[in-house]
Amino acid sequence: IEHLGENNWIPWKTKIQAILGDKGLEGYIDGTKPKPDRGPDPVTDERLAAIAKWEAEDRKARTVIVLLVSDAQMVHLTGAVTAKEMWDQLKLVKESRGQQGI
C-alpha cells in the first residue's frame, strides 16, 4: 500500500479502512468504539481491564495509520493522541480543502 501523500487521500483512506476493518479496528477511527469511562471511584478491575484493552486496540489502529503516512504528511498527525484524533485531523486537512486525491 502506498503511503499517504499529497494527492492520494481517497484510495489511501479506502485501503486503511479495509485494513482496520479486517483487524476489527475500524471503530477506533470512526468513533463507534469510544474509550470506556473510568466511572466512579473505586474503579473496578473489570473497568480497568476494559480501558487497557481499548488502549491496546487503539494503539494498533494508530500504528497502522502512522506506518502508512509519508514523512511529509506526518505533520497532520501532530498532537493527536488517539486513532480517531489522527483520522479526524487527516480528514479535516484532506477533505476540507478538496484534496480528494482522485
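Results, tabulated for the structure shown:
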item: Region 27-102: proportion of alpha-carbon pairs further apart than 21 angstrom, %; result: 37 percent
item: Nearby aspartates and glutamates by direct alpha-carbon distance to residue 15 (threshold 13 angstrom, same-chain neighbours under 8 apart not counted); result: 2, 26
item: Debye, to nearest 20: dipole size of region 25-102, +1 on Lys, Arg Cβ, -1 on Asp, Glu Cβ; result: 200 debye
item: Nonlocal amide H pairs with residue 69, under 5 Å, H built at 1.01 Å; result: 4
item: Rounded to 10°, Cα long-axis angle of helix 83-96 versus longest principal axis of the chain; result: 30 degrees
item: Label point 7 Å beyond Cα of residue 68 along Cβ direction - residues of region 16-46 with amide nitrogen under 20 Å; result: 16-33
item: Potential lengthening between residue 3 and residue 22 on full extension [0.36 nm per residue; Cα-Cα distance subtracted]; result: 5.0 nm
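Every read-out reported here was derived from the displayed coordinates using simple, explicitly stated rules and does not represent laboratory data. Values in this document were obtained by computation on a predicted structure and should not be read as measured data. So basically every Cβ, Gly included, is an ideal-geometry build from the backbone, and we count neighbours across all protein chains shown.
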